1. Picking from 99, 154, 87, 74, which residue would you name as being at pLDDT 85 or above and under 22 Å from residue 14 (Cβ atoms)?
2. So, in the range 47-57, of the ones that are surrounded by 13 or more Cβ atoms within 10 Å (Cβ to Cβ) and assigned to a loop (DSSP other than H, G, I, E, B), which residue ends up nearest to the chain's Cα centre (by Cα)?
3. Which residues, taken from the range 1-46, are within 16 Å of residue 83 (Cβ to Cβ) and loosely packed, with under 10 Cβ neighbours inside 10 Å?
4. Kindly provide the set of residues from the range 120-144 that are over 17 Å from the mean Cα position of the chain (by Cα), closer than 18 Å to residue 90 by Cα and surrounded by 14 or more Cβ atoms within 10 Å (Cβ to Cβ), ordered by number.
5. With 113, 97, 135 as the choices, which residue is within 25 Å of residue 32 (Cα to Cα) and touching a strand residue (DSSP E or B) at 6+ places or on another chain (Cβ under 6 Å)?
6. Would you check which residues across the range 75-103 are under 17 Å from residue 120 (Cα atoms) and part of a strand (DSSP E or B) and list them?
7. What's the number of the condition residue 141 fails, among (1) in a strand (DSSP E or B); (2) at pLDDT below 85; (3) more than 19 Å from residue 21 (Cβ to Cβ)?
8. Regarding residue 90, is this residue under 18 Å from the mean Cα position of the chain (by Cα) and farther than 29 Å from residue 18 by Cβ?
């Protein structure tokens, strides 16, 4: 049968700069909880796991969103994952950026971001449906700086 998860009215007083995302860990489906007030899915008696991701920007004393102070690849979530992974990164200034995924042999699996990006916090989803289970390295590069993070894809 169908199962309905609802949060109607509960997001009305959410802070302006916050983002709320319901993630179906089984399918990788993402629901913006500020634009939707429910999620309906087929329940075949299987165990389902959901995550709610809250993206809360840094604010100054006046409540204004602050720009990041450093170049950084933030935590990937969920990790381990089974179909899609959210990657977030900070840029302290506008610059050319490359965000790539490599397998453990060092072969490029997918380029996720290539090009000029403004300063601030950025987010991208890697849909890994075509990739095999295993460990991957996510590499973020800009203006001579490089940082990497290990992620694990489960099937």
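The values are calculated or read from the model by the stated rules, or taken from the named source; none is laboratory data. Please read these numbers as outputs of a predicted model, since none were measured by experiment. Ideal geometry is used to build each Cβ from the backbone, glycine not excepted, and the neighbour counts take in all protein chains shown.
1. Working: 99 fails: under 22 Å from residue 14 (Cβ atoms); 154 fails: under 22 Å from residue 14 (Cβ atoms); 87 fails: under 22 Å from residue 14 (Cβ atoms).
When all the criteria are applied, what remains is 74.
2. 57
3. Filtering the range 1-46 down to residues within 16 Å of residue 83 (Cβ to Cβ) leaves 21-31, 41, 46.
If the condition is that a residue be within 16 Å of residue 83 (Cβ to Cβ) and loosely packed, with under 10 Cβ neighbours inside 10 Å, then 46 is the only one that fits.
4. Step one: filter the range 120-144 for residues over 17 Å from the mean Cα position of the chain (by Cα), giving 130-135, 141-144.
If we keep only those that are closer than 18 Å to residue 90 by Cα as well, we get 141-144.
Of everything in the range 120-144, those that are over 17 Å from the mean Cα position of the chain (by Cα), closer than 18 Å to residue 90 by Cα and surrounded by 14 or more Cβ atoms within 10 Å (Cβ to Cβ) turn out to be 141, 142.
5. Working: 97 fails: within 25 Å of residue 32 (Cα to Cα); 135 fails: within 25 Å of residue 32 (Cα to Cα).
When all the criteria are applied, what remains is 113.
6. Matches in the range 75-103: 86, 87, 88, 89, 90, 91, 95, 96, 97, 98, 99.
7. The number of the failed condition is (2).
8. On the way: under 18 Å from the mean Cα position of the chain (by Cα): yes; farther than 29 Å from residue 18 by Cβ: no.
Spelling it out, it is not the case that residue 90 is under 18 Å from the mean Cα position of the chain (by Cα) and farther than 29 Å from residue 18 by Cβ.
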